[in-house]
Structures are given as C-alpha cells and as structure tokens.
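Enquirer: My questions will all concern the structure given below.
The values are calculated or read from the model by the stated rules, or taken from the named source; none is laboratory data. Keep in mind that what you see is a predicted model, and the values were worked out from it rather than measured. Neighbour counts run over all protein chains shown; Cβ positions are idealised from the backbone, glycine included.
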Amino acid sequence: MAMINSRKAAIVGCGFVGSASAFALMESSLFSEIVMIDADKNKAEGEALDISHGLPFAKPMQLYAGDYEDIRDASIIIVTAGAGQKPGETRLDLVKKNVGIFSSIIPEIAKYNQDAILLIVANPVDILTYTAAKLSGYPQNRVFGSGTVLDTARLKYLLGQHLGVDNRSVHAFIIGEHGDSEIAAWSSANVSGIPLDKFCEMRGHFDHESSTRRIAENVKNSAYEIIEKKRATYYGIAMSVRRICEAIVRDEKSILPVSSIQTGDFDISGVALSMPSIVGKNGVECSVPIELNDEEQKALKASADTLKKIIEDIFPE
C-alpha cells in the first residue's frame, strides 16, 4: 500500500456536488493535491481545468482529473457519485439506482486504498454510508456520511434569522435520517448556553410550539424548494464537505452530526444515521448521545426503523 498523503483528497463524482466541493476545498487551502474522478472523464477534466485556472488567486496545489489508481495515497475519498434528486423525488427514492452505482465504485476504491477516510455525500446518504461500509471492508470509524451537517446548518441559519442573532452562536442539531424522518433536537437547543425557549422570550417570541414546528418544516423542505427552483442543491453541501474535511485534516475533534453506523446509543444499531459525533484525523471517534426527551427518542427510533427496512430490502441477511 502507498504511504498516505494527509494533504491529498480524491473526489469521486464530478456533477454539481462534486465540482462545487472541489471548488470549496481548493479555496480552503486544506489540501495540496486533489484528484477528480468521474465515469465521464471529459467532465472531470473540464471541471479540474476550470477550477485550476483560479489557482493563481489561491494557494499552490495540484488539481487534476484521474483514475481510481490515483487514489492510492489519498487520505480522504469523497464520494458524491450517483443519480441526483429530481423535483418531486425524495432522497429515499434514489436508493436502487445509487446502491447499484456504489456496488461498482466502492470495490474499485477498496482495491487501491484501504487506509483512507471514506466520506459519503451521495443520497440517500444514510443508506449509502451503510452500503459503503459493507462493500469497502473499511473499519467503521473511517466510513461516514455528510449526514445532517447541512440540515443542522440550515437549522442554525433559520434560527439566527428568527432571533436576530449570529447563527454561529446557535447550538442545535438535526439528527436521524438526512431526509423526511429527520428530527430537530429542540430539547437540547440553546443560544450560547441559554435554553432556546428562554432566549426566544428575551427576543419577544412566545409562540414556541408553532415557531419550532415551522422552522423544522422549513429545514426539512429546503432541499425540495431549492431543487424546484434551480434543479439541484450544491453550494451548501459543498461547504459542509469542506467543514468536515477541515475537522479531519486539522484533527479538530469537532462535534458534527455526521452519519455513521450506530452501535447501541438509544437502542439503535446496525443502521447508519446522524448523531453529533467527535470528528478528527481518525474519522468518527465516537458519537455524543445528546439529551433527548421521550418524544425525540421515539422519533429517532422511528427514523432508524425507516432506514432499517430499506437496508433489509437491499441486504437480505
């Protein structure tokens, strides 16, 4: 096996999400080498050239189109390949198509590199994270998905708007499936340590029930809304990919709601979904079982069951 180069990333899939991620990572200066791979080599070459032409305004690095052999020494392999969500489609509607695509991609990756971190971004991300873990033979801490990192950012953004406060001071998580059964963990939400309800009242908002419901719905539907308006969503997820890579490359041990295979927290196992997790150079170090009330725990269990049914469908034991 080649020595792993901690400053090298690979992106598999150069559609909207893969290309936007490559651009965000180029601007981040986290890597000195990025290889872009796509079934359509021309597409990968075009995107790599286009992004490379901006390098005189950024930091020196190599960014090029390549093949699976070029991932031998990559430390992070970002998989965005798959059919995109069409207007009116749910993320789960993409299952069969994208599991099929993964069954050719993941063994190729595993053939050339056994030591990287596999970051799954394609949808439905939870099912595909589970699929990638199964097909790659990688240890579970090194296979995880972007999960609800973007949903959580959307939640913070909307809460910041609602409260007229910097969204970076808002601490709240979306957990569970990255999809229709996701849960806003309101019971542990706070603004700089001040419980959310209390902070809302400070800002003159008293109708908590309907506000939280509306905001959670907006988070859940924002992808559908963007897809309806512009056919695809890619900037927000690209910035989420950049944020996750930053935590890995810099070994930040940041807490991010990535999707990983659960091992018994809240009685959930054998399924990948998002829980706040400590992310560093070894991938997911552990998940952080946040305080959830009974209702949230029930909803989380239901979300896990939704995903489990699909997994059993694809991988009949």
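Enquirer: Report whether or not Thr90 is surrounded by 24 or more Cβ atoms within 10 Å (Cβ to Cβ), closer than 19 Å to Ala304 by Cα and β-branched (Val, Ile, Thr).
Expert: It is false that Thr90 is surrounded by 24 or more Cβ atoms within 10 Å (Cβ to Cβ), closer than 19 Å to Ala304 by Cα and β-branched (Val, Ile, Thr).
Enquirer: Quick check on my filter: what residues within segment 147-171 are buried (at least 18 other Cβ atoms within 10 Å of the Cβ) and either of a type in the set (A, V, I, L, M, F, W, C) or assigned to a loop (DSSP other than H, G, I, E, B) (or both)?
Expert: Gly147, Thr148, Val149, Leu150, Ala153, Leu155, Leu158, Leu159, Leu163, Val170, listed by residue number.
Enquirer: Still on this structure, I have one more. Of all residues in segment 117-146 being in contact with a helix residue (DSSP H, G or I) (Cβ under 7 Å, 6 or more places away or on another chain) and in a loop (DSSP other than H, G, I, E, B), which is surrounded by the fewest Cβ atoms within 10 Å (Cβ to Cβ)?
Expert: Applying the filter and picking the extreme gives Gly137.
Enquirer: Restricting attention to strands (runs of 3 or more DSSP E) lying wholly within segment 13-83, give those where 2 or more residues are outside the structural domain of Lys281 (by TED's automatic domain parsing), surrounded by fewer than 19 Cβ atoms within 10 Å (Cβ to Cβ) and modelled with pLDDT of 95 or more.
Expert: 62-65
Enquirer: Okay, next question. Taking segment 195-227, which residues are farther than 13 Å from His162 by Cβ and touching an Asp or Glu at 6+ places or on another chain (Cβ under 7 Å)?
Expert: Answer for segment 195-227, where residues must be farther than 13 Å from His162 by Cβ and touching an Asp or Glu at 6+ places or on another chain (Cβ under 7 Å): just Lys220.
Enquirer: Can I ask one more? Which residue out of Asp38, Asp67 is in contact (Cβ under 8 Å) with a residue 40 or more places away in the chain and not small (Gly, Ala, Ser)?
Expert: Only one candidate qualifies: Asp38.
Enquirer: Same structure, new question: Checking Ile76 against (1) in contact with a Lys or Arg (Cβ under 9 Å, 6 or more places away or on another chain); (2) more than 25 Å from Gly283 (Cβ to Cβ), which test does it fail?
Expert: Evaluating Ile76 over (1) in contact with a Lys or Arg (Cβ under 9 Å, 6 or more places away or on another chain); (2) more than 25 Å from Gly283 (Cβ to Cβ) leaves (2) as the failure.
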